[in-house]
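Peer 1: One structure, pasted below without further comment.
The values are calculated or read from the model by the stated rules, or taken from the named source; none is laboratory data. Computed from a prediction, not measured in an experiment: that's the story for all the values here. Glycine gets a Cβ as well: all are built from the backbone with ideal geometry, and neighbour counts include every protein chain shown. These accessible areas exclude ligands, DNA and RNA; they are computed on the full protein's heavy atoms, side chains included. Shrake-Rupley method; radii C 1.70, N 1.55, O 1.52, S 1.80 Å.
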Amino acid sequence: MTVVLGPCTNLARALLKLPWARSQELLLVGLDGAEKAKLKKEYPGAIVFALEEMVAYAPEKKYKIVNICCCAMGMIHPREVNWDKDLREARRDLAVLDKLLQSYSQASVHVIFVCSVLALSVNSKGRSGYYAGWKHILSRVVQAKVEVVPGSRFSVLYPGRLTRKRSILKPVSLLYSSYHSVAKKLAKIIIKGESCRRIIGYDGRIWLMLRGVATGMLSMRI
């Protein structure tokens, strides 16, 4: 069984288009009733629920292996601070994860959290800094929840900027990762079944290196 949280995101759609996905038994958790209806039409072979329906979710059968792909959890992009809304969304999504971990407690569960390379830097500012902080906290909370479940595994991917298509006409886009390439890496992690932490994209690596240099310079100021 493969569970996809945030199935309407660009990354999840790229994942579900892979030939690998056709052989999977899928559970897709949409944001609301409208997303549920859309997903049922697009993926007729999948089990589809809306977030609010997950409170009463019970698997129809027992599974030996369950992969949970967190393609969206909490805020998806940097935005203005709205503490009440941000906290409400994080709690909502974490409650769904709790339900899944409880429902599949007898299975070997592998949770793959797609984070952001921004979460690895202490120097992000403004909206990006707030977003980075949330992503860092959520990755740690998800990891803590997974680690207390016997036999479970946790992986996290830190992509830089993602794009639908890279083009020589926009040279900087060649440093980005395509949704398709990240989806393939995600599927490979699921197939391999081993925990990993991985930074994805040339831009992510370069950005993190420069941030590391900046942090070192700040620490040497008197």
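Peer 1: For a quick protection proxy, order the peptides 17-25, 112-120, 140-148 by their average other-Cβ count within 10 Å, most packed first.
Peer 2: Peptide ranking by packing, descending: 112-120, 140-148, 17-25.
Peer 1: OK, next. So which trypsin sites (Lys or Arg not before Pro) in the stretch 27-109 pass both tests, a DSSP loop state and at most 14 other Cβ atoms within 10 Å of the Cβ? Walk me through the numbers on the way to the answer.
Peer 2: Details: sites: Lys36, Lys38, Lys40, Lys41, Lys61, Lys62, Lys64, Arg79, Lys85, Arg88, Arg91, Arg92, Lys99; in loops: Lys61, Lys62, Lys64, Arg79.
Within the stretch 27-109, the qualifying trypsin sites (Lys or Arg not before Pro) (loop, at most 14 other Cβ atoms within 10 Å) are Lys61, Lys62, Lys64, Arg79.
Peer 1: What is the distance, in nm, between label points placed 7 Å from the Cα along the Cα-to-Cβ direction at Gln143 and at Lys192?
Peer 2: Going from the Gln143 label point to the Lys192 one covers 1.8 nm.
Peer 1: On a 21 Å Cα-Cα criterion, which of the cross-link pairs Lys64/Lys188; Lys17/Lys192; Lys40/Lys145; Lys64/Lys192; Lys17/Lys40; Lys61/Lys135 come out too long?
Peer 2: Flagged as over cut-off: Lys40/Lys145; Lys61/Lys135.
Peer 1: With every protein chain left in place and a probe of 1.4 Å, what is the accessible surface of Cys196, to the nearest 10 Å²?
Peer 2: Around 30 Å² of this residue is reachable by solvent.
Peer 1: Multiplying the sequence separation of Trp83 and Ile206 by 0.36 nm and subtracting their Cα-Cα distance, what value in nm do you get? Mind dumping the intermediate values first?
Peer 2: Details: separation 123, 0.36 × 123 = 44.28 nm, distance 3.10 nm.
Computed gain between Trp83 and Ile206 is 41.2 nm.
Peer 1: Something else: By how many nm would the segment from Lys64 to Lys17 grow when fully extended, if each residue of separation counts as 0.36 nm and the alpha-carbon distance is taken off? Walk me through the numbers on the way to the answer.
Peer 2: On the way: separation 47, 0.36 × 47 = 16.92 nm, distance 2.43 nm.
Gain on extension, Lys64 to Lys17, equals 14.5 nm.
Peer 1: Further question on the same structure: For the stretch 27-80, give the percent of accessible area contributed by carbon and sulfur heavy atoms, probe 1.4 Å, rounded to a whole number. Provide the component values of the computation, followed by the final result.
Peer 2: Numbers: 1800 of 3080 Å².
Looking at the stretch 27-80 in its full context, I get 58 percent from C and S.
Peer 1: OK, next. Just the accessible area per residue of the stretch 1-151, please: how many Å² with a 1.4 Å probe? Display every interim value, and only then the final one.
Peer 2: Numbers: 7550 Å² over 151 residues.
In whole numbers, the stretch 1-151 has 50 Å² accessible per residue.
Peer 1: Going by accessible area, probe 1.4 Å, with all protein chains left in place, what is the ranking of Lys135, Lys185, largest first? Don't skip to the answer; put the middle values down first.
Peer 2: Details: Lys135 10, Lys185 75 Å².
Reading off the accessible areas and sorting them downward yields Lys185, Lys135.
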